[in-house]
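See structure below.
The values are calculated or read from the model by the stated rules, or taken from the named source; none is laboratory data. A quick note: this is a predicted structure, and the numbers were derived from the prediction, not measured. Glycine also receives a Cβ, built like all others from the backbone with ideal geometry; neighbour counts cover every protein chain displayed. Heavy atoms of the whole protein, side chains included, go into the accessibility calculation; ligands, DNA and RNA do not. Shrake-Rupley method; radii C 1.70, N 1.55, O 1.52, S 1.80 Å.
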Amino acid sequence: MLLVWVYLKVDRNLIKEKFKKITLWKRGGERAPHKPLLILHTLGLLLRNNERMESYEDMENKLKKLLIAFGPSRYKIRTEYPFWRLKNDDIWEIEGASEIKMNKSGDIKKDDLIRYKVRGGFSIEIYQKLKEDRELIHDIVQELLNTNFPSSIHEDILQSVGIEITVKTARDPEFRDKLLRAYENKCAICGFDVRLDNYPVALEAAHIKWHQAGGPDIEVNGLALCSLHHKLFDRGAFTLSENLEIQISDRAFGTTGFNEWLMQFHGKKINFPQRKAYLPDLSYVIWHIREVFQGDPRENVT
């Protein structure tokens, strides 16, 4: 009995390790959440008892929407790359690809995936293990989210892929304390500073360059933001210009709350920290513009 338990535990840990070590495309500080989002999407299908394999044609628009919502703003969105390349990570299988020709880089054409009705999904061994071990799914989901996305948008991603679990995140309380002190316990956008007794409520430390992308826990890579502006910042609804003016995305819109929480700040400077030494570093601001901000800044209309 003990031997069986040890075998299952090792098997489980090996699977977790495979997901932990998936290869992500890297160039400079660019984000590439394609594989993590595809895996999360497929785990959502598994939890809803869908078939193991999904056609690329059915998956394409779903993954594209996830990348538009949670990936960097790019001219072209390549959904075929993660679908095809994930098989190299020893967790994914491709069916119906015998007629497809690869280029010198080992990639394929999107049209061929559709033409030959190619399907992809977790390998049968991993699929069966995941089906019988919901805790393993929870661990994989938590690892993918914590490694690739800030905690402020975890729930948004989970809702988008149809997964209902609670993800634990580790935050550095020292970073929060330093940043809130630097901004005198006020939101750098709206000035929100509500306290309960003497404790700030709904005021958070936001990384400009995400911790998941190598952003450090220092004042010049952070903003003190209320919880609403923190989420809007991490979703790319607004960013900062190189001279620290607030820039609202032309993809953001709404009625109630839009003018009050976004448009009224467009083109205005942030509320500066108490020392110039704490002002956001330009390199981190440029990263946020390139890797998080969605669309283009709105024009300043007077």
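For the chain, what is the relative contact order in percent, using Cα pairs closer than 8 Å and at least 6 residues apart in sequence? The value is 17 percent. Normalised per residue, the accessible area of the chain is 55 Å², obtained with a 1.4 Å probe and no contribution from ligands, DNA or RNA.
Of the listed residues 164, 51, the order by accessible area with a 1.4 Å probe, largest first, is 164, 51. Exposure check, 1.4 Å probe, all protein chains in place: residue 138 carries approximately 50 Å² of accessible surface. FRET efficiency for the pair residue 195 and residue 227, taken as 1/(1 + (r/R0)^6) with r the Cβ-Cβ distance and R0 = 22 Å, rounds to 0.95. Among the listed pairs 178/276; 64/131; 18/209; 21/87; 16/62, a Cα-Cα separation exceeding 18 Å is found for 64/131; 18/209; 16/62. Estimated at the nearest 10 Å², the accessible area of residue 58 is 90 Å² with a 1.4 Å probe. Taken as Cα centroids, the stretch 138-194 and the stretch 40-78 sit 23 Å apart, rounded to the nearest whole angstrom. For the stretch 27-176, relative contact order (Cα pairs under 8 Å, six or more residues apart, normalised by length) works out to 29 percent. Around the Cα centre of the chain, unit charges on the Cβ atoms of Lys, Arg, Asp and Glu (plus for the first two, minus for the last two) sum to a dipole of about 520 debye.
Taking amide H atoms as placed 1.01 Å from N in the peptide plane, the amide H of residue 269 lies under 5 Å from those of 246, each 5 or more residues away in sequence or on another chain. Just one of (i) 39, 24, 16; (ii) 31, 27, 21; (iii) 31, 23, 22 is semi-axes √(5λ) of the Cα gyration tensor in Å as worked out from the coordinates here. Which one is it? Computed from these coordinates, semi-axes √(5λ) of the Cα gyration tensor in Å corresponds to label (i). Loop-resident GluC sites (Glu not before Pro) (DSSP state other than H, G, I, E or B) in the stretch 172-211 with no more than 15 further Cβ atoms inside 10 Å of their Cβ: 184.
The figure for residue 160 is an accessible area of roughly 70 square angstrom, using a 1.4 Å probe on the protein chains alone.
The listed peptides 217-228, 12-23, ordered by packing as a protection proxy, come out as 217-228, 12-23 (highest mean of other Cβ atoms within 10 Å first).
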